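Accompanying notes for the structure given below.
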Amino acid sequence: MGNEIPAPEPADGDWRGTLRSLAHHTRRAALRHEWFADLLAGRPHLGPHALAHTEASFAALHGAPGFDDIDTVLPVVDAVNAYLVGAIRKEISVLRAERVTGMDEEQWQRAAAPYLSRVLATGRYPTLSKVVQDAAHPDAETTFDAGLDYLLDGIAARIAR
């Protein structure tokens, strides 16, 4: 399993690029091996590949501008890992639901549409209605990238203060 997630090369201060690379490689491995998402959410792994990836995450930050204090590094790595685990688990849950129900996302939406239309017509959920009717609803990879960008942008803004 560890060999499927290549260790990133040192990125000379590009902490965002390193964390992004680690996140994408981990996501792809978890989508190939769904059980991996459950392991990611547990206690830290102590095998050589897991330790190398943990080291790469910490090293990408430690010493980069704004990350002089090691106590700033840990919560950032934890935040990125929490996003990664949550996003992967959500994506895998959708894939599992498709297998169990035999309905892909579009088929499930069509099946749920009459009920959802009745509920939204009550006017009690105006913002949800706008999301359902007007939002772009990108694919899983685009959604993952956007969420990761928001998180990394927030981290960058915080350390710039």
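Some values worked out for this structure:
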item: Which labelled figure in (i) 44; (ii) 23; (iii) 40 is percent of Cα pairs over 26 Å apart, once derived from the coordinates; result: (iii)
item: Accessible area (Å², per residue) of the stretch 1-152, counting only protein heavy atoms and a probe of 1.4 Å; result: 64 Å²
item: Rounded, prolate or oblate (a/c below 1.5 giving rounded, otherwise prolate when a/b exceeds b/c) for the stretch 62-134 by Cα gyration tensor; result: oblate
item: Most mobile listed residue (52, 113, 41) in the chain, GNM with C-alpha springs under 10 Å; result: 113
item: The chain: most fluctuating residue of 39, 120, 19 per GNM, C-alpha cutoff 10 Å; result: 120
item: For the stretch 78-89, Karplus couplings with θ = phi - 60° (6.51, -1.76, 1.60), whole Hz, Gly/Pro x; result: 4, 5, 5, 5, 4, 4, 4, 4, x, 5, 5, 4
item: Angle in degrees between helix 48-61 and the longest Cα principal axis of the chain, rounded to the nearest 10; result: 90 degrees
item: Degrees, to the nearest 10: 140-160 long Cα axis against longest axis of the chain; result: 50 degrees
item: Top of 142, 26, 127 by mean-square fluctuation, Gaussian network on the chain, Cα under 10 Å; result: 127
item: Spatial separation of Cα centroids for the stretch 38-56 and the stretch 66-129, in angstrom; result: 24 Å
item: Of 49, 102, 122, farthest towards positive along the dipole that unit charges on Lys, Arg, Asp, Glu beta carbons give the stretch 6-158; result: 122
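The values are calculated or read from the model by the stated rules, or taken from the named source; none is laboratory data. Nothing here was measured: the structure is a model prediction, and the numbers come from that model. Virtual Cβ from ideal backbone geometry, glycine too; neighbours counted across all protein chains shown. Surface accessibility is based on the protein's heavy atoms, side chains included, excluding ligands, DNA and RNA. Shrake-Rupley method; radii C 1.70, N 1.55, O 1.52, S 1.80 Å.
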